[in-house]
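This report concerns only the one structure given below.
The numbers here are math on the coordinates, done by the rules we state, and not lab data. Remember, predicted model here, so these are calculated numbers, not experimental data. Heads up, the Cβs are rebuilt from the backbone with ideal geometry, glycines too, and the neighbour counts pull from every protein chain shown.
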Amino acid sequence: MSQATSANTVVKTFTAGGVIQPNTFVKESSGTVVTATVAGAAVGVYIGSEACASGDKVSIAVLGPCKVSADGTSAIAIGAKLQSNASAVAVVNVTAGQIVQGMALEPLASGTAVIEMLLAPHSI
């Protein structure tokens with residue numbers, strides 16, 4: 001369950017605490033990782049090529065370039081600050097004081113798609 005990533009991506013292996021879809025944000029929960037269902041709560045992105053089950057060992061990108069599912073309800077421009085939403089996908093960061101998960105490296109005019117982002121969590 002792996003996906004090609006850049007040599008510059010920091011990847012850590014965790015145990016899944018539930019089903020996680022590819023290219024979605026995850027958060028830590030009791031020593032495992034689960035889908036991040038709270039906006040801005042993510043610690044990384046599951047970079048597997050297929051959904052995983054609870055107990056599976058999973059590769060999580062924690063820093064650097066990676067692919068992420070994105071929602072272009074508000075258009076995403078290259079360089080836009082991105083955060084996770086309640087569906088564990090990337091959206092344009094519009095809330096001051098929230099955690100920014102990274103920066104868009106590809107645009108998304110509308111709809112949903114997998115885009116490249118620079119994963120670099122920090123507060124704004």
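I want to verify a result. In a Gaussian network model of the chain, Cα cutoff 10 Å, which of these has the top mean-square fluctuation: Val62, Val92, Val19?
Taking springs between Cα atoms under 10 Å, the residue moving most is Val19.
Among Ser30, Ser87, Ser110, determine the one that fluctuates most according to a GNM of the chain built with springs between C-alpha atoms less than 10 Å apart.
Ser30
With the radius of gyration and the Kirkwood radius both derived from the Cα set of the range 66-123, what is their ratio Rg to Rh?
0.91
With a sphere of radius 11 Å drawn around the Cβ of Val62, what net charge do the other residues whose Cβ falls strictly inside it have (Lys, Arg +1; Asp, Glu -1)?
Here the count lands on 0.
How about Lys57: which lysines have a C-alpha closer than 27 Å to its C-alpha, ignoring those fewer than 8 places off in the same chain?
Cross-link targets: Lys12, Lys27, Lys67.
Would you look at the GNM of the chain, springs on alpha carbons closer than 10 Å, and say which of Ala104, Ala113, Ala61 moves the most?
Looking only at Ala104, Ala113, Ala61, the biggest GNM fluctuation is shown by Ala113.
Treat each spin label as a single point 7 Å out from the Cα along the C-beta direction, and report the Ala53 to Ala7 distance in nm.
According to this spin-label approximation, the distance is 3.7 nm.
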